[in-house]
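The values are calculated or read from the model by the stated rules, or taken from the named source; none is laboratory data. Since we're looking at a predicted model, the values are computed, not measured. Positions of Cβ are backbone-derived with ideal geometry, glycine not excepted, and every protein chain shown enters the neighbour counts. Note: accessible area is taken over every heavy atom of the protein model, side chains too, but ligands, DNA and RNA are not part of it. Shrake-Rupley method; radii C 1.70, N 1.55, O 1.52, S 1.80 Å.
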Amino acid sequence: MNILILTTNPKLYAAKGELNATLAALTEGYARRQGHSVQVRNLAAIKAAGGWNIEEEIEHLHWADAIVYHFPIWWFGAPALLKEYFDEVLQHRKTFLITDMYGEGGQLGGKAFMLVVTSNMKASDLGACPVLEHYQHIDDVLVQPILTNRYLGLREQWPTFHADNVIAGDTSYLEQDFIAHLQQVIPAAVQAIK
């Protein structure tokens with residue numbers, strides 16, 4: 001299976017992007033050990049080096065059987081850099097078509113995607129605290145990247161991994177939990193794609 005890792009680990013305030021980079025490296029290492037072909041696109045590094053080549057990025061998207069996004073949740077969504085990537089790279093006639101039935105023109109069908117996110121909210125805040133009382137699951141917060149992928153034809157979503165409470169809390173458990181998540185998700189997904 002061809003796995004494309006898109007990581008957006010910008011630095012802002014106390015966030016240094018290191019945890020997202022570590023999780024992306026764990027994904028890459030695990031996928032390679034399982035015999036998958038992997039490409040990693042670090043959007044922050046590409047942008048700092050002068051920006052992305054749109055045609056090259058589109059080729060990466062078409063190459064992939066699965067896209068794994070790694071990013072911190074900022075203001076209840078993906079960082080602006082991922083939105084900028086979507087705005088510039090997702091080109092009409094190359095990644096989607098306008099159709100009579102809205103959202104049925106995705107040109108990346110047959111692929112899967114997974115979101116791997118970090119945040120300072122606690123998982124227990126979902127559905128409990130006043131600002132999140134109507135959001136029971138982390139995917140309820142991540143509507144924009146989920147719908148973007150579905151619009152492109154990626155209808156198979158692997159379970160989201162949410163590293164929560166990462167600034168204030170203890171993150172020592174994350175590597176073990178994340179590897180366990182990958183072990184559950186990626187082998188099952190390989191069977192689904194075959």
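Below are the figures for this structure:
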{"read-out": "Rounded to 5, the percent of DSSP beta bridges in segment 1-131 classed as antiparallel", "value": "15"}
{"read-out": "Candidate aspartates and glutamates - alpha carbon under 13 Å from residue 94, same-chain residues fewer than 8 apart omitted", "value": "55, 56, 57, 59"}
{"read-out": "Environment charge of residue 138, counting only residues whose C-beta is closer than 13 Å and scoring Lys/Arg +1, Asp/Glu -1", "value": "-3"}
{"read-out": "Accessible surface, the chain, averaged per residue in Å² (probe 1.4 Å)", "value": "51"}
{"read-out": "Charge dipole magnitude, Cβ of K and R +1, D and E -1 - segment 51-145, Cα centre, debye nearest 20", "value": "160"}
{"read-out": "Cβ-defined net charge surrounding residue 68, 14 Å radius [Lys, Arg +1; Asp, Glu -1]", "value": "0"}
{"read-out": "Computed log₁₀ I(q)/I(0) - Debye formula, equal Cα scatterers, no solvent, segment 12-109, q 0.11 Å⁻¹", "value": "-0.41"}
{"read-out": "Packing-based order for 122-131, 60-69, 75-84, 29-38, using average beta carbon neighbours within 10 Å, highest first", "value": "60-69, 75-84, 29-38, 122-131"}
{"read-out": "Normalised contact order of segment 46-144, rounded percent, pairs of Cα under 8 Å and 6 or more residues apart", "value": "31"}
{"read-out": "Length released on extending from residue 137 to residue 37, taking residue separation times 0.36 nm less the Cα-Cα span", "value": "32.9 nm"}
{"read-out": "Semi-axis lengths (Å, descending) of the ellipsoid that matches the C-alpha gyration tensor of segment 90-142", "value": "33, 14, 9"}
{"read-out": "Helix-only CD estimate at 222 nm, as mean residue ellipticity for the chain, using -39500 (n - 2.57) per DSSP H run (n ≥ 4)", "value": "-11500 deg cm²/dmol"}
{"read-out": "At 0.890 mPa s and 25 °C, Stokes D of the chain from Kirkwood alpha-carbon radius, µm² per second", "value": "142"}
{"read-out": "Cα→Cβ-extended label distance, 7 Å offset, between residue 93 and residue 167, nm", "value": "4.5"}
{"read-out": "Segment 14-59 - convex hull of alpha carbons, volume per residue in Å³", "value": "78"}
{"read-out": "At R0 = 30 Å, FRET efficiency that the Cβ-Cβ distance of residue 155 and residue 129 yields, to 0.05", "value": "0.45"}
{"read-out": "Cα-centre dipole for the chain with unit charges at Cβ (Lys and Arg positive, Asp and Glu negative), debye to 20", "value": "320"}
{"read-out": "Percent accessible area from carbon and sulfur atoms, the chain, protein chains only, probe 1.4 Å", "value": "51"}
{"read-out": "The chain - percent relative contact order, Cα under 8 Å, separation 6 or more", "value": "23"}
